[in-house]
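Engineer: So that we are looking at the same thing, I have put the structure below in structure tokens.
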Amino acid sequence: MMSDWAGLRRYCLAETLRVLRNREDAEEAAQEALLRVWRHRGARRSAGRLPWVKAIARNEALRIAARRSRFAQREVHDDGEAPDVRGAPDLDGVVQSLSVEPLLRPLKQDERDLLRLRYEEDLTNLEIGRRLGMPEGTVKVRLHRLRGRLKAGLEQGEIA
């Protein structure tokens, strides 16, 4: 089964098209899924590979859909009309209040790097672990603890 990469690509594409309506996004998800399958090709027995490949393809499609959704929410309407800013808060004040720099400043550099890889570069825990040379579970635990500290810092107005 794993020697027929063209067939496997069609299989992944069919699965990603179920989740994503945009063919370009589905192609991207299928490509990412194939890359993950190739990287872990020795990890599964041949009997259980198709459901495993299908799950990887579906997860990649869902990850891309979530990323597209986040970007769509941030898009600025560019229809040529100036936005109505009457009664809107001062944008500089809003941007300053949304800054996370004060929350991140007390963190160690390796903690900031971990958050940057996860949330700015949108890497998975496994990819972060590979890049930083640590097990995936360690990445997961450290991110969980950091999120807890950041939440507590937001609630108290400081970082512990």
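The values are calculated or read from the model by the stated rules, or taken from the named source; none is laboratory data. Just so you know, these numbers come straight off a predicted model, no measurement behind them. Reconstructed Cβ throughout: ideal geometry from the backbone, glycine too, with neighbour counts over all protein chains shown. Ligands, DNA and RNA are excluded from the accessible area calculation, which covers all protein heavy atoms including side chains. Shrake-Rupley method; radii C 1.70, N 1.55, O 1.52, S 1.80 Å.
Engineer: Give the residue, chosen from ARG149, ARG145, ARG130, ARG105, that is over 24 Å from ARG67 (Cβ atoms), at pLDDT 90 or above and basic (Lys, Arg). Spell out the reasoning first.
Structural biologist: Numbers: ARG149 fails: at pLDDT 90 or above; ARG130 fails: over 24 Å from ARG67 (Cβ atoms); ARG105 fails: at pLDDT 90 or above.
Of the residues listed, the single one that is over 24 Å from ARG67 (Cβ atoms), at pLDDT 90 or above and basic (Lys, Arg) is ARG145.
Engineer: Ok, one more. Filtering region 116-160 down to residues that are touching a residue at least 40 places away in the same chain (Cβ under 8 Å) and hydrophobic (A, V, I, L, M, F, W, C), which residue is most open to solvent (accessible area, probe 1.4 Å)?
Structural biologist: LEU154
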